[in-house]
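S.K.: Structure in structure tokens, see below.
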Amino acid sequence: MNFQELITQRQSVRKYQNKPVEREKLDKLIESVRIAPSASNSQPWKLIVVDEPELKDKVANATFSKLVAFNKFTLQSPVLAVLVIEKPRLITQIGGSVKNREFPLIDIGIAAEHFCLQATELGLGTCMMGWFNEKKIKQLLNIPKKKRIGLVISLGYAPEDYKLRQKTRKPVEEMCSFNSY
């Protein structure tokens with residue numbers, strides 16, 4: 001598949017088949033995150049792949065609540081990927097401070113998109129989530145208290161009849177200009 005097809009096919013999948021993800025595919029996904037670019041090559045992330053069913057369900061339960069149930073689909077997902085923000089290199093920290101930029105947040109966004117695009121190319125569906133009970137997930141996965149979880153990504157096979165949705169995006173004129181704001 002060419003790149004334009006890949007970015008058109010990638011979508012947030014919120015329904016999954018009861019089918020495990022093969023280890024070979026997980027290895028390719030891990031490699032796609034490993035080679036993602038980052039500021040000063042800091043690679044300020046730790047990827048935790050949660051594929052043990054009982055633990056995965058506990059983590060999934062920490063992505064929604066009685067009041068906010070929109071992530072309940074995570075219970076169907078056979079795998080959850082958790083991106084933990086790590087401390088960047090000193091040069092990146094200094095640069096971020098001088099320029100008032102959170103480079104690790106940018107970097108995990110790039111790493112997450114590598115993961116999602118690779119998953120799409122492998123015939124898998126994903127959904128990036130920023131809504132979750134961080135304290136509970138940190139406890140379940142033995143993540144040190146001082147660390148932050150950047151994103152949780154669901155992963156699995158979408159049902160055969162899962163339709164590719166038409167992407168609703170701003171018109172080009174609203175989101176892009178040349179040479180001036």
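S.K.: Is it true that Leu6 is closer than 20 Å to Cys116 by Cβ and either surrounded by fewer than 16 Cβ atoms within 10 Å (Cβ to Cβ) or in contact (Cβ under 8 Å) with a residue 40 or more places away in the chain (or both)?
M.R.: Yes: the conditions hold for Leu6.
S.K.: Something else: Six or more apart or on different chains, Cβ under 7 Å: which pairs go from a residue in the range 32-55 that's on the phi < 0 side of the Ramachandran plot to one that's of a type in the set (Gly, Ala, Ser) and not in a helix (DSSP H, G or I)? Could you list them?
M.R.: Sorted first by the residue in the range 32-55, then by its partner, the pairs are Pro44/Ser38; Leu47/Ala81; Val49/Ala81.
S.K.: Which condition number in (1) surrounded by 14 or more Cβ atoms within 10 Å (Cβ to Cβ); (2) farther than 20 Å from Ile7 by Cα; (3) touching a Leu at 6+ places or on another chain (Cβ under 8 Å) is the one that Leu155 fails?
M.R.: (2)
S.K.: A follow-up question, please. Looking at the range 68-87, can you tell me whether even one residue there is without any contact (Cβ under 8 Å) to a residue 60 or more places away in the chain, acidic (Asp, Glu) and at negative phi?
M.R.: No, the range 68-87 contains no residue that is without any contact (Cβ under 8 Å) to a residue 60 or more places away in the chain, acidic (Asp, Glu) and at negative phi.
S.K.: Taking Lys167 as the residue in question, decide whether it is surrounded by fewer than 10 Cβ atoms within 10 Å (Cβ to Cβ), in contact with a Ser or Thr (Cβ under 8 Å, 6 or more places away or on another chain) and more than 19 Å from Leu55 (Cα to Cα).
M.R.: Here the answer is yes, as Lys167 does meet what is asked.
S.K.: Going through the range 9-27 one residue at a time, which ones are in a helix (DSSP H, G or I) and either polar (S, T, N, Q) or surrounded by 14 or more Cβ atoms within 10 Å (Cβ to Cβ) (or both)?
M.R.: Of everything in the range 9-27, those that are in a helix (DSSP H, G or I) and either polar (S, T, N, Q) or surrounded by 14 or more Cβ atoms within 10 Å (Cβ to Cβ) (or both) turn out to be Gln9, Lys25, Leu26.
S.K.: So which residues in the range 21-31 are touching a strand residue (DSSP E or B) at 6+ places or on another chain (Cβ under 8 Å) and either over 13 Å from Ala119 (Cα atoms) or without any contact (Cβ under 8 Å) to a residue 40 or more places away in the chain (or both)? Full working, then the answer.
M.R.: Of all residues in the range 21-31, those touching a strand residue (DSSP E or B) at 6+ places or on another chain (Cβ under 8 Å) come to 21, 26, 29-30.
Across the range 21-31, the qualifying residue is only Ile30.
S.K.: Can you pull out the helices (runs of 4 or more DSSP H) entirely within the range 48-153 that have at least 2 residues that are under 20 Å from Asn18 (Cβ atoms)?
M.R.: 53-61
S.K.: For the range 67-74, indicate whether the set of residues that are at pLDDT below 95, under 19 Å from Leu140 (Cβ atoms) and over 15 Å from the mean Cα position of the chain (by Cα) is non-empty.
M.R.: Within the range 67-74 (the criterion being at pLDDT below 95, under 19 Å from Leu140 (Cβ atoms) and over 15 Å from the mean Cα position of the chain (by Cα)), the answer is yes, since at least one residue qualifies.
S.K.: Of all residues in the range 31-47, which are surrounded by 15 or more Cβ atoms within 10 Å (Cβ to Cβ) and in a helix (DSSP H, G or I)?
M.R.: Ser32, Val33, Ala39, Ser40
S.K.: How many of the residues making up the range 1-49 are within 23 Å of Leu141 (Cα to Cα) and under 13 Å from the mean Cα position of the chain (by Cα)?
M.R.: Going through the range 1-49 one residue at a time, the tally reaches 9.
The values are calculated or read from the model by the stated rules, or taken from the named source; none is laboratory data. Worth saying up front: this structure is predicted, and the values here are computed from it rather than measured. Here the Cβ is made from the backbone with ideal geometry for all residues, glycine too, and neighbour counts use every protein chain on show.
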